[in-house]
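Scroll down for the structure; my scribbles are underneath it.
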Amino acid sequence: MTFGEVGVFLFVMISGYFAKEASRTWAIRQNWKVLSEVLFYSVALMIVFFLIDFQKFFTIKNFIKSIFPFLTNQYWFVTAFVILTFFSPFLYKLLNSLKQSDFVCLLILLAIFGAFFISIDNFSFTNQTQIGWIIFPYCFGVYIKKFKLNITHPFIFLFLTLFLDYAITISLSYFAHNPKKGMAGLQVNGLFPLILSILIFYIFLNLKPFKKSWINKIASTVFAGYLVQSNLFVYSVWKYITYTSSNILKTNIIIIFYVCIFMLIVFLIDMGRQWIFKKLNIIDFINKFLKN
């Protein structure tokens, strides 16, 4: 399991939980906020890498992908989330019209096709933009807000899920190196991240409310971290700066150090990006456009 999947599920689940009846223009405004930031980092990183080594990084294909990151699906999560946001005003109305029993049946079906099928190497519901992968957490967020949820001993289930996940991961790693054992197609993606995200979300919902401005500042730059890390140019050189060692503890400590440095750099860059957007009224531009 990659914890990136847990983060994706949590982000979409939170969006569903705080969803409300909205107009179609609201969806356009929300998507403009996302796409303007995506375009900023896509073009900015393209320029930086072209300046570093134009001959190595420049191709017509890379240029088109950087100028049109959404149309070329450079960030699968962005593409899926933007599509979901466009449909959310209609989806929210439909979900709120469901009885609890019908809602539960819908969630079971979405969990089977969107999570369990991935675990058995079947991506028929989640291919291409993978919007089928994020519909469940959105619907589940709406469900919790409408009908509530009660999980007894969530921390026990959380640690049990982590234990099972790592146990299965180690087992599958063994079978992957022994293909004759016949389990190479199985994986832990999908189902375990989904369960883990539900438990984490439930735990935080039941914590005492708190508000810290520095947490909000950091949170506002996390999306930028994803955009930088998943950028096609950054991704192409990422393998050269990764660290591996036979000492698992040492490897994890080094990786955590790398991540902290990376997020610090991204935080500083995105603070600058937010300042530029505010000065140029980038976000407000779409509001003026929609009014005209």
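Note on the stretch 160-181: among residues that are hydrophobic (A, V, I, L, M, F, W, C) and surrounded by 12 or more Cβ atoms within 10 Å (Cβ to Cβ), the one that is modelled with the highest pLDDT is 160. Identify all residues within the stretch 63-82 that are modelled with pLDDT under 90, of a type in the set (Ser, Thr, Tyr) and surrounded by 19 or more Cβ atoms within 10 Å (Cβ to Cβ); write none if there are none. Within the stretch 63-82, 75, 79 meet the criteria. Residue under question is residue 95, and the condition is that it be part of a helix (DSSP H, G or I) and in contact with a Cys (Cβ under 7 Å, 6 or more places away or on another chain); does it hold? The answer is yes for residue 95.
Within the stretch 97-134, the set of residues being of a type in the set (Ser, Thr, Tyr) and modelled with pLDDT of 90 or more comprises 97, 101.
Regarding residue 43, is this residue in contact with a helix residue (DSSP H, G or I) (Cβ under 7 Å, 6 or more places away or on another chain), exposed (fewer than 15 other Cβ atoms within 10 Å of the Cβ) and more than 13 Å from residue 137 (Cα to Cα)? It is true that residue 43 is in contact with a helix residue (DSSP H, G or I) (Cβ under 7 Å, 6 or more places away or on another chain), exposed (fewer than 15 other Cβ atoms within 10 Å of the Cβ) and more than 13 Å from residue 137 (Cα to Cα). Can you work out which of the residues in the stretch 1-53 that are part of a loop (DSSP other than H, G, I, E, B) and of a type outside the set (Val, Ile, Thr) is nearest to residue 63 (Cα to Cα)? Among residues in the stretch 1-53 that are part of a loop (DSSP other than H, G, I, E, B) and of a type outside the set (Val, Ile, Thr), the one nearest to residue 63 (Cα to Cα) is 53.
The values are calculated or read from the model by the stated rules, or taken from the named source; none is laboratory data. What you see is a predicted model; the values in this text were computed from it and never measured. Note: ideal-geometry Cβ built from the backbone for every residue, glycine included; neighbour counts use all protein chains shown.
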